[in-house]
Structures are given as structure tokens and as C-alpha cells.
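What follows is a short report on a single structure.
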Amino acid sequence: MIKNKQSRNLINYLMVFFLLISGPVLAAAPAAGTVIKNQATATYKDSSGIEQTTTSNLVETLIQQVGAFALEQSQSRYGIADQVTSFPHILTNTGNGDDSFTLGASDNTGDTFDFDSINIYPDANQDGVADSNTPITTTGVLAAGESFYFVVSAKVPLTALDGNTGEFDVTGTSEFDPTLQTIINTDEVIVSDKAVITVTKSISANSGEAGTGPYTVTLTYGNQSTSDATDVTLIDELPVGMTYVDGSAEWSLTGSAVVLTDANPGDAQGVGTDTVVYCAYDTSCTNIEDQVTAVIAQVISGDSGTISFQVELDSDIDAQTLLNTGEFSYNNGSVVIADQETNTVPLEVISTPGVVANGSDTINTEGAEEPVNQATGTLGSTVAFDNIIWNRGNSTDTFDISVDEVASTFPAGTTFTLYQSDGFTPLLDTDNSSVADTGPLGAGEFYNVVLKAKLPMTGSSVGDNSGLGFDVTKTATSTTDPSITSSVTDHLVEITGSGVDITNVAAIGGAGVKGEGIGPETTAQTQLVFAPGESGVFQLYINNISDVADSFDLSYSKDDPFAKGSLPAGWGVSFHVDAGATDCSVLGPVVSNTSIIAPNTSKLICAQVSVAAGTAFDGNAVSIYFKAESPLTGVSDIKHDAVYLTADHRLILEPDHHAQVEPGGTQTYVHNLHNPGNTTFTDITLAATDTLSAEGWTTKLYEDTDGDGVLSSADQPVGTYTLAPGETQIIFAKVFAPSSAPLGATNLTGITASGSTDAGGSTPVVVTVSAQDMTYVAKSNMTIAKRQGPDANCDGAVDSGFSFSFDTFQAGPNTCVLYQLTATNQSAGLAVNVRIDDSIPEFTTHFTNGGTLPVITVGTITTQPPEGDTGMVAGNAGNVIAGDAVSLTFGVRVE
């Protein structure tokens, strides 16, 4: 390299640049055939508010080849008439693919002479001297970035005179792309009849690894003129990365026995006039301490020699080609010829791959900040590890990244995905090796590869793996030398389960919230109060207290320990979504699972509790437990609430009756004393009064002792009764009309029942109910009785084992019930215009059994609704003689 050179001859370039821009960084043009891959990601929140990531398809762009090259350099040298002057040149393929280049040399016009010959020769060893006498016209194939060294030799004609100049052009043309502009160097020869010195430079090797040496640099000088030259000065400033070896210089005239001193520029070494003053990289070399300087006292005509010294490559130098050009000057016997250059000598610093994978972006040594730790990961969540891949080599390298899933101690079901440093874009295979990689990294650079571990949802994975945690190893492998690898371990200390907490009133942290924390609680957190036959709604907030989305199955129990689905008899529970009012005032569809709840959010569930009418009152709140359990992880919480049933103290005495009686006759009425509430009545007494008692009317009350629904001799007078919830006592009221009773006389019999019950207060509650029977005197006396029978298969006949009776029985949905109405003439005379009427009861529809029902034993059916409808059923029996009866039978279907 030339020291203190103020200007250089122009180097002509033709270069086509590709600019790949990533932020502010500019990267080198990719090689032809390189596939640029790109994959996008989209991050969004789904309808449940859960963040999701999806990747696009992979798109690829194939880089085409573009030709470009550089040719250097134009020069001016001194020459001698009838001798050859040589010019070293370098052609470098700066395109992105292989190319061959055509070389040419042609004499210029407008100068003072034409050359006898101009030939191009290869200089494969880059010593500035032609390798052979065979001219060439092409470089052969050069890879991208490869240089071709050659020498152009031009013979000066014998007739050339001192001071004459001759020029010729050296050209290079791309064979891949002939449309590229031809690059031209122009070389000039200045003819001199004085001393002419030539200097070439060489090095003992063309390549070496960083930190190696020594390598011998040789400067060869010669004087082919007929005159002597004096003060021949050789200068060499070494490039950065190359270090001079102290005490290594030799001069060919003194031989290896004499080591030239690096210091004291005034110290001449040699014999007589053959001396050299040598100074190299020493502080004593005033103004020239950073170079090699050798001043040879004289070089006589026809003489030649060498100055050599050794260099070493610095250990921290990046892979590159170091270029070194020497400079020389001399006195030609008349003037000083200055600023002459040698050929350029390359020394390639060989690539030495190296890699370190660790957890530090400031320290590039093995084990730094390893293992890469994450404290916890929730089941189903994604845990990210930042791994730093350092290029410890001295050249650009790409590192394949592999994950050892086989040796991983993460739980089965864990999936691993590699991402670029942004943590979102998938890590791609940039060099088509079928393995994801870092992309090109310059020497000393690092890249953050993000490994994401998607943990399974299974609850069996929870814990710290017996204190060992969970490990996975990631390995970076040099693509320059696959034997160069480095591994880093990613460590997860513990996997935690998902979490759920059921609260009342509000979500966790809300105003008035009840039941925070893991249950079940010792005491009920919320208590509803309602009566049997009614329902109430608990507002349950299902809080997902983990960092991963989850859903939770819903269940209930009356017991602790929890017994799924257990409830007191007559109770029911159903879970509903809130229908939009956010207070469960309007219930949505029934659910058994919450559906997905986003991390650290909650969902309102409405738990409706219903209690059947008649459920017994005991004055105590009934506990009910609600459970939310993840079907994936098994994590759960139980909430303790309660229901207090109010007292429903009711007695019913029914129905009211009206009938006829003959003077001196009797009429019997059937009444039901029923407890439809949820409290027990005790000390129930009954009494009857008649409005015509003064005229001799009397009423006696009997119980249905034998339970057949018909007053008989077995039935005893009424006494004192206790009725539990749902129980009924049949009472007969037998009315006696005096023989003196006139036709048309009407007696009203009032029947009362009175009993006491405990309704949860400090004193019992007394309830009195009544019914009324109206009896009038007539010559005829018709009675009507209604009996029923089950018809489960709806075939129009009472089921086997049953008969029409007054008994109560159970009937399921979509089964049938048959009713039989019997009217009896209990008088001694004829009953005329006898009509029987009834209606289809609630929760049933008319059943006709294909048209065979309804039916009447005497007379005709006058009114009936269609099959499946509701309404009146009536029959006209006409006249019924004394003691006869007529029956009407119809059917209904239970909804």
C-alpha cells in the first residue's frame, strides 16, 4: 500500500447493485439463484377475546443473475526502447453469479509511437510477472467476487526516443451479459534513455488463517537499462490485519546471514557502494515509522536483487482478501523518478467458522446466561425463550437452528416453534438446506432466535418435574463447516395449572364480590329466599384466573364432599347464560359448560334453582354447592350458597256442592281436606252448621275410614287430624232433611276446618277453611259421581289391574286417563231431561280413541271437542226412572 499518496489513478467500475433493505441496514447483493423467502403473520383476538396468531403461506422470490465487474487499473510506467514493459491488472467479477470475461489490448492513436506488440498473459501467482509466454484473451469462469490477475506486456519499438510516450487500452467484456459497457484501462509507457527500475512484489502464500504466519513478502527490483540508478527506495505499508515480524528482513546481497536492522535509519548495511539503509515499524524511523522503507545506495545496469521480510496475520481479523501494493522511487542519473507502484499482491484470510449459542446479547462466550430460564408457564400457554446466536467466526456465516425434541424433558404434547427476533415471524430456511436458519450473520454479529414452547392442556403436566424443571436444547450449526456447533439449553422451572374461582355478586375485585378464593367455603356466601313452587337465580361469576383461555364444566351438589347432581327431592338446578341484562334478570339458553373464557376474565352464569310446590318447610336453609371444572386440566372451584324456603301454610276444603233431597231423605256430599303447603297442620277439627237447623235440618260429618271414597258403615265420625304437606283427608257430609220439609226449601250447610301449623315464627299459625253444600227439596233426587282410571297405552280401556275409582294415581306425559261420570236417580219418581256435563282439564287434550270415545250408556253425546283439543264434553240421557243410573265415559291425553 502506498504511504502518503495524495491521489490514485482512476479505477473504472461498472457495477449493478442490489439493495436489500431491512430497517436502516444495507445487505450485500444476494447470489444468483438465491431464493428469498417470506412468511407473514397476523395476530388478532377472536370472539372470546383470546389473542390468536396465524401464519400466511410462504412466498419465494428467485434472484436472477446480473453481470457486473471491475477492471483495474490505468497506469504509467517508464520503459526502454526495444524492451518489454509489463503492466499488472486485476479483473474482479462483482456480479452475483458465475461469469467469463473477454480481455483485449489495443494500441492507441495520437501518441508518439506504436508498440511492436501487446500481449496479455495470466499471473496466477499474483507476483506481477507473466506465468507463461502464451497470450490469453479470456479470464475463464470466475465465481461471484473472484478476481483474475493478469499482465499486459507491451514492446517499445527500437526507434522510440527519450521522452516519447505510447498508450494502449486494456478492455474487459462480460460474456454473460455482452450488453454491459466494456471497461477500459489505459496504460502509458514513457521512454527513457536513463536508468529504469522495475519492482515487483510477491508473498509466500496466497491464503492463510487469521493468527497464522509468518509469511514472506518479497520486493524484487531490477535495472534493465544501460545506466546506473541511485537511491532506489522501496516502500511497503502493510494493510490493517497484517503485522510486521520484527528482525525478519533480509537483503539478497548480504544474504540470510545478515539480518537487516529495523531501527536507526542512518545505519547503512552492506559492503562498499552496495549498501542499504533499512527501517521498518520502529519509532526511530522518523515520519516513516508505520511502513517498511529500504533505500539501496545504487543498482547498476543489469543488476537485480530482493528485499524480503515476514508478516503475520492478526488473530482477530475477519475473513477477507488483504491487498498490498508497494511503492518505489529512484534517481535515474538525472532526476528522481517518484511515486511508482508495484503490482498488487493479495493474501486471502481464510474463513474460520465459529459459533456460540447462549442467553446473552453482550457476552459471546459459551455458557453465558445459561440456561435461558422462564419461571413458570401455565397449561396451554406459550412460553418464549430468547436465544442469542453469535457468529464467532471471522466471516459471514449462516447457522442452521435445530431443536432436540427427542431429548426434551418437556411434557408430551408440547410443540416447539422457531421465530425470528421479533417473536412473531417464523424462522425460515434462507439457504434451502431444509433447516430453518439465522440468515447471513457477519463476523462478530449475533441474532436472537426465539423458541416458543406451546404447553399441553393436560392437567398431568402440572408441577416442576420433581424439582428438575423442563429442558430443551437448541443447536446452532455453521453452514460453512457443519462440524462447528454450539448448543443452548432453555429451562422452564415449573408448569402451573389453569385456575378458576367462582364468585357471587361480581367478578373478582368487583364491588360486593363474595366467595373469592378456592372453596368450598364453610358458610354459604349467598342465600336466596323463596317459597316452594317458585324458583330463584344465583349470579355465578366464573373467573378464569390463569394466563390461558379455558372453558369450565358446570355442576351442582347438595353435599360436601361434592356429589355431582345430588339434590333434595323435588329440587332442580339449571345453568343459563345471561340474556343480555348482565344481572340474570333474563335467562338465556341452558348450558352445561361456560364456553371459552379468555385469560384473566370472567363470565356470568345464571344458576336457576327451583323447588317443587309442597316441599316441606323445616325452618332451615338448605346448602347448595356449585362447581366449575376445566375439562382439559381438571382444575376446579366449588362455591357454597344456600336456599331458604319460606313457609307456605295452606289448607283447602273443597268442593262446594249442590243437590236435591226428598222430604225425610238424606244427601251425602264428599269433601277433600288437603294440605298443599309445605308445613304440617296439627289439631285439625271440623264442624258443620245448617241454615235451616231450626226447621229440623241436620248434618253429620264422617271420615273415610276405610278409604274407599264411599260413605259406609265402616266410616267413623270426624275427629282431630294431622296433615303433612301434600296429604288429604276425605270428609263425608251427610245432610238430613226433615219429613216436613216443603218442596223448594233450600238448606245451606257450612263446613269448617281449623288447624295450626309452625310457619317459622314464635307462635303457631291457625288456619281456618270452609266449604258449602246447598241442598234443596224436590220430588226427584239425582246424584253424580266421577271416577277415573289409567290408560297408559291409550287403547281406550282401563289398564289391567285397575278399575274406575275415586283413587289418585300417577300418569306420565303422553299417556291417557279415562273418566267415568255416573248420574243416579235416587228419588222415587221419574227424572226428566237428565244432562251430564264435564270439561277437558288443564294440561290435557281430548282423547277419542279413534272415535269410540266419548260414550254414554243412555242417550246421546251432544258436545265434544276434536281429538287433541280442549273444551266441553256433554251428553243428554233424557228420562231416568227411579233407582236407575246413566254413565258417560271420555278420555284425555296428558301433555
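Where a number appears in this text, it was derived from the coordinates with a stated rule and is not lab data. No experiment lies behind these values; they were computed from the predicted model shown. Methodologically, a virtual Cβ is constructed for each residue, glycine included, from the backbone with ideal geometry; neighbour enumeration extends over all protein chains shown.
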May I have the extent of the alpha carbons of the range 164-252 along their three principal axes, as whole Å values ordered from largest to smallest? 51, 43, 18
Determine, from the Cβ-Cβ distance of A31 and T138 and an R0 of 22 Å, the FRET efficiency 1/(1 + (r/R0)^6), rounded to the nearest 0.05. 0.45
Ranked from fewest to most other Cβ atoms within 10 Å of their own Cβ, F538, F168 fall in the order F168, F538
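If the only charges are +1 at each Lys and Arg Cβ and -1 at each Asp and Glu Cβ, what is the size of the charge dipole of the chain around the Cα centre, to the nearest 20 debye?
Value, rounded to 20: 4900 debye.
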Selection from M774, G439, N373 lying farthest towards where the dipole of the chain points positive, charges on Cβ: M774
Surrounding net charge for S153, when Lys and Arg each add one and Asp and Glu each subtract one, Cβ distance under 14 Å: -4
Net charge near V767 (other residues with Cβ under 14 Å of its Cβ; Lys, Arg +1; Asp, Glu -1) is -2
Need the list of aspartates and glutamates near K779 for cross-linking: C-alpha distance under 20 angstrom, and skip anything on the same chain fewer than eight residues off. E662, E695, D884
Given Cα pairs under 8 Å that are at least 6 residues apart, what percent is the relative contact order of the chain? 7 percent
Would you please give the FRET efficiency between T852 and V710, computed as 1/(1 + (r/R0)^6) with r the Cβ-Cβ distance and R0 = 30 Å, to the nearest 0.05? 0.55
For the chain, what does the convex hull of the Cα positions come to per residue, in cubic angstrom? 281 Å³
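Tell me the volume per residue, in Å³, of the convex hull enclosing the alpha carbons of the range 509-629. All intermediate terms of the calculation are to be shown ahead of the outcome.
Values: hull volume 14.2 nm³, N = 121.
Dividing the Cα hull volume of the range 509-629 by its residues yields 118 Å³.
Output needed for the range 764-845: three equivalent-ellipsoid semi-axes, defined as square roots of 5 times the C-alpha gyration tensor eigenvalues, in descending order, whole Å.
Over the Cα atoms of the range 764-845, the ellipsoid semi-axes are 30, 23, 12 Å.
Output the relative contact order of the range 355-496, whole-number percent, from Cα pairs under 8 angstrom with separation of 6+ residues.
36 percent
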Paramagnetic reach from V435 (point 7 Å along Cα→Cβ, amide N under 15 Å) across the range 464-485: 473-485
Other residues with Cβ under 14 Å from the Cβ of G377 give, with Lys and Arg +1 and Asp and Glu -1, a net charge of -3
Given pairs K452/K514; K454/K603; K564/K603 and cut-off 27 Å on Cα-Cα distance, the over-length ones are K452/K514
Cβ-Cβ FRET estimate between T159 and Q64, R0 fixed at 41 Å, reported to 0.05: 0.20
Could you list the square roots of 5 times each eigenvalue of the Cα gyration tensor of the range 652-778, that is, the equivalent ellipsoid semi-axes, sorted largest first and rounded to whole Å? 30, 15, 11
